[in-house]
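As C-alpha cells, the structure follows; a few thoughts come after it.
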Amino acid sequence: MAIQEILVPDIGSFKDVEIIEVLVNVGDTINVEDSLITIESDKSSMEIPSPAAGVVKEVKVKVGDRISEGSLVVMMDVTDGAAAAPAPVAAAPAAPAPAPAPAAKPEPRPQPVKSPTAAVQSEAAKLDFSKAYATPSVRKFARELGADLNKVTGSGRKGRITQEDVKAYIKDVMSMGGVPGRGAASGNTLGVAPMPDIDFSQWGEIETVALSRINKLTGEFLHRNWVHIPHVTQFDQADITDLEAFRKQLNEENAKSGMKITPLVFIMKAVVAGLKAYPRFNSSLDAKGENLIRKHYYHVGVAVDTPDGLVVPVIRDVDKKSIMQLSEELKAISGKARDKKLKPADMQGGCFSISSLGGIGGTKFTPIVNAPEVAILGVSKSDIQPIWNGKEFAPRLMLPLSLSYDHRVVDGAEGARFTTYLAKMLGDIRRLLV
C-alpha cells in the first residue's frame, strides 16, 4: 500500500466549480468508481469518482470549496491488485475495470438550474449522504426516489447499502403512513427533499399570485391522498344514446317549471346501483388499515368547479331520491358552493365521489381518490362513435368513464366489473328500476 494524491480528473469544460457534497470521511474504505465529492455548475451537478481503491487518510476539500481539473481531493492509502475489483453490490451492476483518471467519465445528474447561493448549500446539506455506505449507482437510485440514505440500513458486505435496501426502506415508510393533514410543504413521508426555491425572475418578468384558501386545502388533501393510496384507474365507456333521448324528453316536459335535468343525476343513480352490487366500493379502511368498514348508506360527493377552486359537496341518501329530487338538490348545493355558502357538514360523510368534466371536454383522466372513500368516478365529454351492433356500424353516443380506486381494497378484476356494470346501467336506465 502507498499514500497517493487523488486529483480531480478531466471534467470537460467545468472550471472553478463549487463542491456541494463531500461523500467520504477519513478512514473510509473506497473502491474504484466510488464517488468522492459532488460538484455543481450553473448547468448541472455530477459526482466525481475515485480512480483508485484504498483507505482515505486525509480529506483536502470541504463543502463550498471551488475546484478544477487537477485539484487535490483526498490523500489515499492505495491498495494493489485486488483493490481495483468492483464492489459487491446485490442489486447494482458490477463496476468496470479501473481506467486512468482522465478517462473516468462521471455521469451527469440533471438538476434544476440554481445559482450557487447559501440557499443551495442549505438544500445540499439536507441531502448529505457523506456517511452513507453506498456505491454511486445506489446513491443515484436513492436520489431519484427521494430516499434519505442516512436512514437506510445496509444489508450488503460490511453494511453496504444496496438498491434492495432502498426499495425496502421506501416500502416500509409507505406502509407506516404519515401524519394526516401534512401537505407537500410540511409532510414528508418518504424523506423527500423539499422543492428548491428558484428565483424565476432571472429569466424574465414574473408575477406572484397567492393561492386561495380552497386551493391550499385542496392541494394538501390531494397530495396526502396521492402519497398514501396506491391508485389504479380503470377506463371504460357507456352507450348513453337512449338515456340522452329520455333526458331531453323530460326537460321538454318540464320546460315551464324551469327544471333542468343533467346526465349527472342518472350517473349518480347508476353509481348507487353499482355500490349495492359491489359493496367493497362503499367502504373505507380504518385508521390502521387492518379492517374494512362497510357502509349501508349511499351518500355521493359531486365535484363542483368554483372560481376559488374545487369543492366536493355531498348529496345524501341518493338511493331514496327521485331523478327530479336529485336535480333540484344538485342545483341548490352547486349554487351554495359557487356562492361560498357551503358548511363543513355539506362536504362530509361521502361514500363515493364523481368528478364530471363532460361540460368542458377531454376523453379520459385519472381522478384522485377522495379519502377516506376508496373510489372516484371521472366522467368526460360524450361523443358520437360508430358502434357495431352485430349487423352494421351505427352512430351511438358514448360516455367515457375513468374509475380510480384504492388497490388495497379493490383489485383490478373488481374494478373492471364495476365499470362494466355501470356501463350496463347507463346503457339501459330501465335496469335502475329493477
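Just so you know, all these numbers are worked out from the coordinates, no wet-lab data involved. Every value quoted in this text rests on a predicted model; they were computed, and no experiment measured them. Here the Cβ is made from the backbone with ideal geometry for all residues, glycine too, and neighbour counts use every protein chain on show.
If the chain linking Ala332 and Thr366 were pulled fully straight, counting 0.36 nm for each residue of separation and taking away their Cα-Cα distance, it would gain 9.5 nm.
Extent of segment 228-312 along its three principal axes (Cα atoms, max minus min coordinate, largest first): 53, 35, 26 Å.
Among Phe246, Phe141, Phe418, the ranking by other beta carbons within 10 Å of each residue's beta carbon, starting with the fewest, stands as Phe246, Phe141, Phe418. Between Asn254 and Met347, what FRET efficiency follows from the Cβ-Cβ distance if R0 is 45 Å, with the result rounded to 0.05? Computed FRET efficiency for Asn254 and Met347 comes out at 0.95. As a calculated quantity, the FRET efficiency between Lys62 and Val209 at R0 = 30 Å, using C-beta atoms, amounts to about 0.15. For segment 365-406, the alpha carbon convex hull comes to 71 Å³ per residue, rounded to a whole number. In whole angstrom, note down how far apart the Cα centers of segment 306-343 and segment 352-368 are. A separation of 17 Å, based on Cα centres.
With 30 Å as the limit, the listed pairs Lys57/Lys140; Lys288/Lys364; Lys269/Lys343; Lys321/Lys391; Lys248/Lys391 have Lys288/Lys364; Lys321/Lys391 beyond it between alpha carbons. For segment 201-266, the Cα gyration tensor yields ellipsoid semi-axes of 41, 22, 14 Å (square root of five times each eigenvalue, largest first, whole Å). Label separation (Thr29 vs Lys167): 2.6 nm, computed from points 7 Å beyond Cα along the C-beta direction.
Counting beta carbons within 10 Å around each of His407, His228 and listing the fewest first gives the order His407, His228.
Would you list Tyr298, Tyr278, Tyr405 from fewest to most Cβ contacts within 10 Å? Ordered by Cβ neighbours within 10 Å, fewest first: Tyr278, Tyr298, Tyr405. Considering only beta bridges that DSSP places wholly inside segment 276-434, some 75 percent are antiparallel.
Based on alpha-carbon atoms, the Kirkwood radius and the radius of gyration of segment 224-433 give Rg/Rh equal to 0.96. In this structure, Ser322 and Lys295 have a Cβ-Cβ separation that, at R0 = 22 Å, corresponds to a calculated FRET efficiency of about 0.50.
Taken along the Cα-to-beta-carbon direction at a fixed 7 Å, the label points for Asp77 and Phe200 span 5.4 nm.
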